[in-house]
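Notes follow the structure.
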Amino acid sequence: MATKPQDLDSLVGQQYRHGFVTDIDSDTVPPGLNEDVIRLISRKKGEPEFLLNWRLVAYRHWLTMREPHWAHVRYAPIDYQAISYYSAPKANTDGPKSLADVDPKLLATYEKLGVPLHERARLAGVAVDAVFDSVSVATTFKERLGEAGVIFCPFSDAVREHPALLEQYLGSVVPTTDNFYAALNSAVFTDGSFVYIPKGVRCPMELSTYFRINAAKTGQFERTLIIADEGSHVSYLEGCSAPMRDENQLHAAVVELIALRDANIKYSTVQNWYPGDENGVGGIFNFVTKRGECRGANSRISWTQVETGSAITWKYPSCVLTGENSVGEFYSVAVANNYQQADTGTKMIHIGRNTKSTIVSKGISAGHAQNSYRGLVKVLPSAEGARNYTQCDSLLMSEHCGAHTFPYVEVKNPTATVEHEATTSRIGEDQLFYCLQRGLSQEDAVNMIVSGFCKTVFKELPMEFAVEAQNLLAVSLEGAVG
Amino acid sequence: MTDTNQSELLLEIKDLAAEVQGRKVLDGLNLEVRAGEVHAIMGPNGAGKSTLAQLLAGRSTYKVTRGEVRYRGADLLSLAPEERARRGLFLGFQYPVEIPGVNNVYLLKAALNARRREQGLPEVDAFEFLGLVRDKMRLMQMDDSFLSRGVNEGFSGGEKKRNEILQMTVLEPTLAILDETDSGLDIDALKVVANGVNSLKRADRAIVLVTHYQRLLEHIIPDRVHVLAAGRILKSGDKSLALELERRGYDWVRHEASAA
């Protein structure tokens, strides 16, 4: 029999391309978590007293909390005492000075990941903060951004150089007590990026942070804080990857965005943590709290995420719409293949008058994966004239995968308008055959169909990264054809 | 017809039998199509006409149980569907599928370049391609908005069929199989589609029309007409056979065949 059946399952195998390990001497604290470890981290970072106390308060609260289990994901219990909470490449324990001081092995690592740190290199219009395990190893274009008054630096530097801004804004959107993982992060966070855009400034370039987990048996707990002062604009992108390992590694980050009056923050994520192998062994547990507050009138926060990696994703980038006429947006493509589990979505909290939110979620499930959209649209009594539009589409690519939608709507103001649309479809053998009959290869056909499905989200990404995201999607769904 | 016997034998089907989920759909089908010819395959509903078209294009739903198919001398059934397409076999679908978010032009350019690579020709760039496709769109009386729309997305039945023929005129296949291209078309659209097909008639190309009705054959004149029923070709003739079928239906062909 010559006409071979085209098994869609065989098209969606996965090859992880960023799974290498950099062989570098690290300063890693022994596994375990207690107040001494937190004091040690704080001391290593040369933190002021208020921050140490803030961490300890978070830690003590965390001890009273229980791991959340309401998400549609399953995993073996995490032993929080088996994780090392601090690991830094040795040469860098004092923080990077200039690119010339950065270990060539680290530069080579980022080069290999497609994120060259030399300022003349490919991403000419993009400033990069490179975070390796627990520390930032390099930040590019600092001077040029400085001329515009923009602060873009490792979180550790911000602690020393801008303590007043930090004290004012840190934890003001995601309090230390917010949830189990946010509390843990608040206690042990090590580095991350800090951004401040002054009044009326349009940030002259894209800002981006590339997170890399390298050391084994560690967790990455970074913290990002972006403050857009009145009338300012910024577009920020984060990328991430990790080596292939058989054990699960925990990534529990917190991202806080604050948009003041008339400010505009666009936050894009291309998440490519190691997803585990085709049998579901290994991979990153990505338990992340991301929230932005449109604090001022007419402000806007837009989240765009392309989630292809991680064994488990638990993340709900949200907007608190406090300012009048403020706008929150969430555009998401979440791909789950093999035994990956994704439970992701957003919360839009309407507080101010005439606030608007848009949610577009595209979930793609393949192999034995489970992909859930979970979203909350909450309109408070004060949110006169609030509007929300939600669109949730799921694409199934195999017989064994699942797509689930959990939309929650709470409306406390009768003038609000809330719309929800949802579809679930199977990638059509008909669509695939149509493309093959026009001469496309199976891989190209699958990519084309999936890209078409994701189009409304991809067009929200900054141009440089839209191509990257499309390629990543292709890799995530690539398989041995023929 | 004698001169065409000298031309290349493009498609040769010998004693083809196939089934889908254990049910026989083709049973001992023979057919020869030479370059330069237009064939019409007619027959009652459920006779296996669409099965034949889809099977030739490589649809995996059908299991071949007997016989062979040669396309330009090669074993067609051993080729993957995309291989068949790149070698110039085109299927105009009876029900063209919608692919949301994928631009018409994007798919068509990828298709053309896949074919050109196979032919050892350089790929066309976006600019050349746009010029080419605009010419063909004029022929098919399609307006520019088509360029920015998704593949068959929100198209009416007639627009979908027109799009199939547009794709065919761009891809310039060696063997075009058009499955019920006339169904769902009003008379004006039928003429446009027929013009598109006629514009492709050439000495080195063959066209196989799968149809229920004689009316398409008033606009595209076939060299050979075949009656497919019960999974095989029961009768073949020239264009007058189509007229006779229109007048008398299909039953007499079946009786004649079972008597023989």
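Out of A:Y274, B:L178, A:G367, whose Cα points farthest toward the positive end of the dipole of the protein assembly as shown (charges: +1 Lys, Arg; -1 Asp, Glu; placed on Cβ)? Working it through, the farthest residue towards the positive pole turns out to be B:L178. Largest GNM mean-square fluctuation across B:N152, B:N45, B:N104, computed for chain B with C-alpha springs under 10 Å, falls on B:N45. Entry note, segment A:261-387: relative contact order of 23 percent, from Cα contacts under 8 Å with a spacing of 6+ residues. Toward the positive end of the charge dipole of segment B:3-259, with +1 on the Cβ of Lys and Arg and -1 on the Cβ of Asp and Glu, the farthest Cα among B:L130, B:V20, B:N103 is that of B:V20. Mean residue ellipticity, 222 nm, helices only, the protein assembly as shown: the sum of -39500 (n - 2.57) across DSSP H runs of n ≥ 4, divided by residue count and rounded to 500, is -8000 deg cm²/dmol. Pairs exceeding a 28 Å alpha-carbon distance, out of A:K44/A:K290; A:K290/A:K455; B:K24/B:K160; B:K14/B:K109; A:K266/A:K378: B:K24/B:K160; B:K14/B:K109. Length gained on full extension, B:A203 to B:E256: 15.7 nm, using 0.36 nm per residue less the C-alpha separation.
Assuming R0 = 45 Å, can you tell me the calculated FRET efficiency for the pair A:V409 and B:D125, based on Cβ-Cβ distance, to the nearest 0.05?
Numbers: r = 49 Å, r/R0 = 1.08.
Calculated value: 0.40.
For a quick check: with amide H placed at 1.01 Å from N, whose amide H comes under 5 Å from B:L91's, ignoring anything fewer than 5 positions away on the same chain? Those lying under 5 Å, H to H, from B:L91 are B:I177. Inter-chain Cβ neighbour count for A:445-455, averaged per residue, equals 4 (cutoff 10 Å, partner chain atoms only).
Take every DSSP beta bridge whose two residues both sit in the protein assembly as shown; close to 20 percent of them are antiparallel.
Taking amide H as placed 1.01 Å from N in the peptide plane, A:Y339 has its amide H under 5 Å from the amide H of A:G280, A:H368, each at least 5 places away in sequence or on another chain. Under 5 Å from the amide H of B:E123 lies no amide H of any residue 5 or more positions distant or on a separate chain, with H modelled from the backbone and absent for Pro and chain starts.
As a proxy for reagent exposure, ranking A:W62, A:W70, B:W252 by other Cβ atoms within 10 Å from fewest up yields A:W70, B:W252, A:W62. Comparing B:S156, B:S60, B:S145 in a Gaussian network model of chain B (Cα springs below 10 Å), the most mobile by mean-square fluctuation is B:S145.
A Förster radius of 35 Å combined with the Cβ-Cβ distance from B:E172 to A:D430 puts the calculated FRET efficiency at roughly 0.90.
So what is the relative contact order for segment A:168-237, in percent, with contacts set as C-alpha pairs under 8 Å and at least six apart?
On the way: 86 pairs, mean separation 28.3, N = 70.
After rounding, I find 40 percent.
Using the Cβ-Cβ distance between B:R215 and A:E443 with R0 set to 45 Å, the FRET efficiency works out to roughly 0.60. Local charge sum around A:K290 (other residues, Cβ-Cβ under 9 Å, Lys/Arg +1, Asp/Glu -1)? Taking every Cβ under 9 Å from that of A:K290, the sum is +1.
Going by C-beta contacts inside 10 Å, put A:V281, B:V133 in order with the fewest on the left.
A:V281, B:V133
Full extension of the chain segment joining B:Q21 with B:N195 gains 58.8 nm, where the gain is 0.36 nm per residue of separation less the Cα-Cα distance.
Rank these for me by crowding, B:L89, A:L52, going from fewest to most other beta carbons within 10 Å.
On the way: B:L89 25, A:L52 17.
Sorted ascending by nearby Cβ count, the order is A:L52, B:L89.
The aspartates and glutamates within cross-link reach of A:K45, meaning a Cα-to-Cα straight distance under 17 Å and a gap of 8 or more places when in the same chain, are A:D27, A:E35, A:D36, A:D94, A:D133, A:D157, A:E161, A:E167, A:D191, A:E222.
In percent, rounded to a whole number, the relative contact order of chain B is 27, using alpha-carbon pairs under 8 Å and six or more apart.
We did not get these values from a lab; they are worked out from the coordinates using the rules stated. Predicted model, so just to flag it, every value in this text is computed and none were measured. Please note: Cβ atoms are built from the backbone with ideal geometry, for glycine as well, and neighbour counts cover all protein chains shown.
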